[in-house]
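First comes the structure, then the notes that go with it.
The values are calculated or read from the model by the stated rules, or taken from the named source; none is laboratory data. These numbers were taken from a predicted model, which means no experiment stands behind them. No Cβ is skipped: glycine too gets one built from the backbone with ideal geometry, and neighbour counts run over all protein chains shown. Please note that ligands, DNA and RNA were not included when accessible areas were found on the heavy atoms of the full protein model with its side chains. Shrake-Rupley method; radii C 1.70, N 1.55, O 1.52, S 1.80 Å.
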Amino acid sequence: MIILDNASINDKLKILADSAKYDVACTSSGVERKAEKGTVGATSAFGICHSFAADGRCISLLKILYTNECIYNCKYCINRVTNDIPRVSFTPEEICTLTMEFYKRNYIEGLFLSSGILNTPDYTMELIIQTLQMLRSQYHFGGYIHCKTIPGASPELVELAGWYADRVSINLELPTADALRHLAPNKSRSAILKPMRQIQLGIEQSRQRLGMKGGNYSAYRYTQKRLGRQHTLSETSQPPKLSDHDGTFSPEVLSRQPDNITKRGFAPAGQSTQMIIGASGETDFEILSVTEALYQRFDLKRVFYSAFINVNNDDELPSPAGGPPLAREHRLYQADWLLRYYGFCANELLNEKRPNFNPFLDPKCDWAIGHLDKFPIEINRADYDTLLRVPGIGTKSARRIINARRMGNLDFYSLKNMGVVMKRAVYFITCNGKMFCTGIKIDENFITRQLINKDTVLLQNTAESNITYKQMHLFDFIPD
Amino acid sequence: MKPIRIYRCPDTICGILTGIYDAGTSRYGHDYIRLETTCPDGFSEMQLFCEYIEIAPDSKKADIVADSVKDKISSAVYMNILHLLLSSDTEKANIAYHFLVYGFHIGERIIHALQIPWVKQVFEINRAVENEAHFFREFLRFSNKDNIYISVIEPKNHIVSLIMPHFADRLNTESFIIYDKTHMEAGMHPASNEWYIRNLLPDEGRTLEKMYNNNDTTASLWKTFFDAIAIKERTNPSLQRNMCPIHFRKYMTEFKKTPN
Ligand code: SF4
């Protein structure tokens with residue numbers, strides 16, 4: 001291992017941002033908090049992107065590793081112990097100064113701190129906690145902090161992370177326990193799921209103490225509630241207890257915390273995770289089912305996907321000729337959106353017989369074409385959840401339709417004003433009993449051909465959360 | 001046939017609200033009324049067969065309009081009108097007037113009636129103004145000169161008043177200035193104090209622009225970060241352009257070429 005002791009701050013930043021870049025989440029959303037007088041920084045519920053890198057991904061947080069030294073040997077990771085690369089570490093002061101200076105210039109919303117494992121998981125976790133504590137208490141930083149917990153770190157340290165950070169996450173890394181054992185031999189599924197459960201319970205308690213300030217519910221949960229699907233609610237309200245840590249905050253940890261730390265809530269922006277797509281042989285159906293289970297059983301805010309890149313040119317891992325599986329990643333994000341906001345279930349979109357997404361059609365169009373018996377839907381009568389199932393109608397346009405309908409019947413012309421993507425919707429709807437034009441046939445082949453011709457841009461757009469969010473408020477009027 | 005009557009309002013919130021007051025109380029007939037904003041240099045094209053009425057801004061009349069929008073329609077609609085009047089749309093005075101004619105008739109549910117073309121236009125312009133404001137909350141950059149944070153922007157609409165509260169909250173401990181070069185105005189925030197907006201003289205604008213400096217150590221650290229965080233294998237300039245349009249990049253630190 002080549003350890004650079006005298007690296008400049010610029011060199012460290014270069015190396016430690018470079019090795020943090022594969023972490024997907026850069027969102028700063030999930031908690032709305034005004035600044036207190038005399039402190040620097042606020043957070044915005046919907047998150048704020050501050051720039052877009054050359055790969056088109058949003059930059060919202062100063063996303064860095066504390067160190068890229070690591071004792072583990074995950075096959076997919078550039079920092080694995082067997083790699084011959086220069087290794088550097090920040091100091092807590094350096095991270096604090098960078099965060100504050102960047103924040104005041106409106107470069108960032110806050111800090112995303114992850115790390116390789118230096119000496120032991122606990123040793124590393126302590127350095128991370130020390131940094132966060134310094135940032136909150138000495139530098140009076142009130143902006144967003146996303147903290148990765150280190151697999152294998154002790155529950156007390158995980159708990160502290162939750163008090164300082166807005167969002168806590170631990171990467172699932174791979175969709176199945178098998179793949180994890182194979183590709184990340186030092187990590188175990190339980191070392192990942194245990195802290196995940198601990199944080200879930202912590203957030204739940206924080207809500208009980210502080211109400212919504214203690215942590216907002218996830219979009220997934222709101223959607224399930226709206227649809228009256230109670231099963232997931234009862235599961236999370238009585239989560240299975242874990243033997244060695246039952247989720248109650250430890251009194252020692254709590255008593256050491258100043259009030260201004262605990263009153264912010266425990267990980268109030270919730271918990272997220274990510275998994276690598278395309279390094280092991282899972283189907284889209286398996287991945288989406290795992291995602292659904294994570295939302296239901298761990299009350300996660302987000303599940304992120306990262307198209308696999310074989311950075312180590314490891315022979316045991318795939319190196320697809322067409323580059324990383326970006327189109328696949330994009331389809332999974334679209335499907336994830338359908339689970340969280342539209343009330344779709346994983347097994348409605350895919351099943352064992354048809355386990356992968358159609359590369360040419362987005363998952364909602366694909367679903368609609370497979371369920372033509374449910375269409376066309378009458379715009380002037382359908383309820384909110386039925387409208388949401390129409391391709392081209394999103395959460396905002398469905399809301400607008402419901403509201404505008406109260407003021408009088410809608411025709412196709414006014415639908416454009418609601419933000420409906422007509423080039424997708426027209427095959428599935430009627431207005432006052434009429435289809436958009438006479439040439440439309442409710443026929444699988446006909447509609448598929450129409451949609452594919454106009455749907456080519458979709459394949460080029462790879463997206464993560466912020467991008468999808470952005471696309472929502474860009475109006476898509478019919479160009480043709 | 002009755003001639004169209006055109007009320008010419010100075011392009012200020014007070015000016016346009018006064019025009020709405022005068023037009024609305026004229027009993028001339030809404031279909032024959034049009035409101036226009038006058039260009040600052042006083043020259044605009046006039047048409048034959050129209051009657052022109054020049055509006056003298058009157059804050060009492062403007063207040064009456066503002067209060068009745070809030071009382072009789074809703075404060076949400078009032079905010080819509082304010083955003084509309086901050087826009088650079090040349091039709092905004094006329095749209096505001098005809099929107100309000102419906103608004104006083106229908107009440108607060110007016111904002112849902114996107115079927116009505118005036119409502120749709122208010123909705124679209126509001127979104128354009130709010131989107132632009134939001135872009136600047138994201139993409140505006142401060143530089144630091146003697147602990148005064150300075151930013152230069154060139155927005156289409158008058159959005160400084162919409163973004164000042166955002167920065168005044170999170171940077172309440174700092175002194176900062178947001179200089180809107182398009183409209184020659186600046187949002188000023190003295191550390192730990194209330195913010196305000198000031199019109200600027202040309203040489204004040206030049207001074208501020210000179211003080212805005214993208215080339216210190218922190219700026220170059222930011223550029224280092226910006227370059228390092230992109231994944232080579234995913235390079236996608238067109239996606240980058242969609243998300244961060246070129247015209248916003250003019251004053252953005254990370255897109256500035258370094259001199260050497
Ligand atoms: S623990 Fe694994 S994934 Fe994390 S830095 Fe070390 S080698 Fe990489």
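If ligands, DNA and RNA are left out, what is the accessible area of A:Ile192 with a 1.4 Å probe, given in Å² to the nearest 10?
A:Ile192 has an accessible surface of roughly 0 Å² with all protein chains in place.
Over chain A, what is the relative contact order in percent, taking alpha-carbon pairs closer than 8 angstrom and at least six residues apart?
Details: 833 pairs, mean separation 59.0, N = 480.
Relative CO of chain A lands at 12 percent.
Let me confirm one metric for peptide B:217-223, namely the mean number of other chain beta-carbon atoms within 10 Å of its residues' beta-carbons. Mind dumping the intermediate values first?
Details: counts 3, 8, 3, 1, 9, 9, 1.
For this peptide, the per-residue mean of nearby foreign Cβ atoms is 5.
Is there a simple number for the mean count of other chain Cβ atoms within 10 Å of the Cβ of residues in A:318-327, and what is it?
Details: counts 0, 0, 0, 0, 0, 2, 3, 0, 3, 0.
That works out to 1 on average.
Per residue, how much accessible area does region B:4-131 have with a 1.4 Å probe, in Å²? Before the final figure, lay out each step's value.
On the way: 6490 Å² over 128 residues.
I get 51 Å² per residue for this part.
How about region B:1-92: which chymotrypsin sites (Phe, Trp or Tyr not before Pro) there lie in a loop by DSSP and see at most 11 other Cβ atoms within 10 Å? Present the calculation step by step, with values, prior to reporting the outcome.
Numbers: sites: B:Tyr7, B:Tyr21, B:Tyr28, B:Tyr32, B:Phe43, B:Phe49, B:Tyr52, B:Tyr78; in loops: B:Tyr28, B:Phe43, B:Phe49.
Here the sparse-neighbourhood loop sites are B:Phe43, B:Phe49.
Evaluate peptide A:103-115: per residue, the Cβ atoms of other protein chains within 10 Å of its Cβ; return the mean as an integer. Display every interim value, and only then the final one.
Numbers: counts 2, 10, 13, 15, 11, 2, 2, 0, 0, 0, 0, 0, 0.
Averaged over the peptide's residues, the number is 4.
How much accessible area per residue does region B:140-255 have, counting only protein heavy atoms and a probe of 1.4 Å, in square angstrom?
Averaged over the residues of region B:140-255, the accessible area is 44 Å².
Quick one: check the C-alpha center-to-center distance for region A:358-402 versus region B:203-239, whole angstrom.
Cα centroid to Cα centroid, the span is 42 Å.
Of the listed pairs A:Lys225/A:Lys364; A:Lys21/B:Lys156; A:Lys75/A:Lys301; A:Lys434/B:Lys72; A:Lys21/A:Lys213, which have alpha-carbon separations greater than 26 Å here?
Working: A:Lys225/A:Lys364 21 Å; A:Lys21/B:Lys156 34 Å; A:Lys75/A:Lys301 28 Å; A:Lys434/B:Lys72 38 Å; A:Lys21/A:Lys213 30 Å.
Among A:Lys225/A:Lys364; A:Lys21/B:Lys156; A:Lys75/A:Lys301; A:Lys434/B:Lys72; A:Lys21/A:Lys213, the Cα-Cα distance tops 26 Å for A:Lys21/B:Lys156; A:Lys75/A:Lys301; A:Lys434/B:Lys72; A:Lys21/A:Lys213.
Using per-residue counts of other Cβ atoms within 10 Å, averaged over each peptide, order A:434-442, A:370-378, A:290-298, A:269-277 from highest down.
The peptides rank, most packed first, as A:269-277, A:290-298, A:370-378, A:434-442.
With all protein chains present and a 1.4 Å probe, how do A:Met125, A:Met212 order by accessible area, largest first? Mind dumping the intermediate values first?
Details: A:Met125 0, A:Met212 100 Å².
My answer, sorted largest first, is A:Met212, A:Met125.
Rank these by accessible area, largest first, 1.4 Å probe: B:Lys223, A:Lys14, A:Lys37, B:Lys145. List each step's numbers first, then the result.
Details: B:Lys223 25, A:Lys14 115, A:Lys37 175, B:Lys145 90 Å².
The ranking, largest first, comes out as A:Lys37, A:Lys14, B:Lys145, B:Lys223.
Determine the relative contact order of region B:140-255: mean sequence separation of Cα pairs under 8 Å and six or more apart, normalised by residue count, in whole percent. All intermediate terms of the calculation are to be shown ahead of the outcome.
Values: 146 pairs, mean separation 28.3, N = 116.
Reported as a whole number, the value is 24 percent.
Give the interface area between chains A and B as buried accessible surface, both sides summed, probe 1.4 Å, in Å² to the nearest 100. Before the final figure, lay out each step's value.
Working: alone 21060 and 15510 Å², together 31130 Å².
Chains A and B together bury approximately 5400 Å².
Using a 1.4 Å probe, how large is the accessible area of A:Arg229, given in Å² and rounded to the nearest 10?
A:Arg229 has an accessible surface of roughly 50 Å² with all protein chains in place.
Using amide H atoms built in the peptide plane, which far-off residues or other-chain residues are under 5 Å from B:Ala113 H to H?
Result for B:Ala113 returns nothing.
Please name whichever of B:Trp195, B:Ile33, B:His158 sits farthest to the positive end of the charge dipole of chain B, dipole taken about the Cα centre and charges placed at Cβ: Lys and Arg +1, Asp and Glu -1.
B:His158
For a 18 Å ceiling on Cα separation, which of these pairs sit above it: B:Lys210/B:Lys256; A:Lys14/A:Lys104; A:Lys63/B:Lys223; B:Lys223/B:Lys257; A:Lys104/B:Lys223? Walk me through the numbers before you get to the answer.
On the way: B:Lys210/B:Lys256 15 Å; A:Lys14/A:Lys104 21 Å; A:Lys63/B:Lys223 14 Å; B:Lys223/B:Lys257 10 Å; A:Lys104/B:Lys223 16 Å.
Table pairs above 18 Å Cα-Cα are A:Lys14/A:Lys104.
How large, in percent, is the carbon and sulfur part of the accessible surface of the protein assembly as shown at a probe radius of 1.4 Å?
Details: 16360 of 31130 Å².
Carbon plus sulfur share of accessible area: 53 percent.
Could you pull out the longest piece of chain B with no exposed loop GluC sites (Glu not before Pro) in it, calling a site exposed if DSSP puts it outside H, G, I, E, B and it has at most 12 other Cβ atoms within 10 Å? Before the final figure, lay out the partial values.
Working: sites that count: B:Glu45, B:Glu194.
Within chain B, the longest run free of exposed GluC sites (Glu not before Pro) spans B:46-193.
Accessible surface of B:Trp195 in the full protein assembly, 1.4 angstrom probe, to the nearest 10 Å²?
That residue has around 90 Å² of solvent-accessible surface.
Take every Cα-Cα distance within region B:4-131, group them into 10 Å bins from 0 onward, and report for each bin the whole-number percent of pairs it holds.
Over region B:4-131, the share of Cα pairs per 10 Å bin runs 13, 47, 34, 6 percent.
Relative to the longest principal axis of the C-alpha atoms of chain B, give the angle of the C-alpha long axis of helix B:75-86, reported between 0 and 90° and rounded to the nearest 10°.
70
Within region A:54-161, which chymotrypsin sites (Phe, Trp or Tyr not before Pro) sit in a loop by DSSP and count at most 14 neighbouring Cβ atoms inside 10 Å?
Here no loop site has a sparse enough neighbourhood.
Please pull out the direction-averaged projected area of chain B, using the convex hull of its alpha-carbon atoms, in nm² to one decimal place. Let's see the in-between values first.
Numbers: hull surface 73.1 nm².
Averaging across all directions leaves 18.3 nm² for the Cα convex hull.
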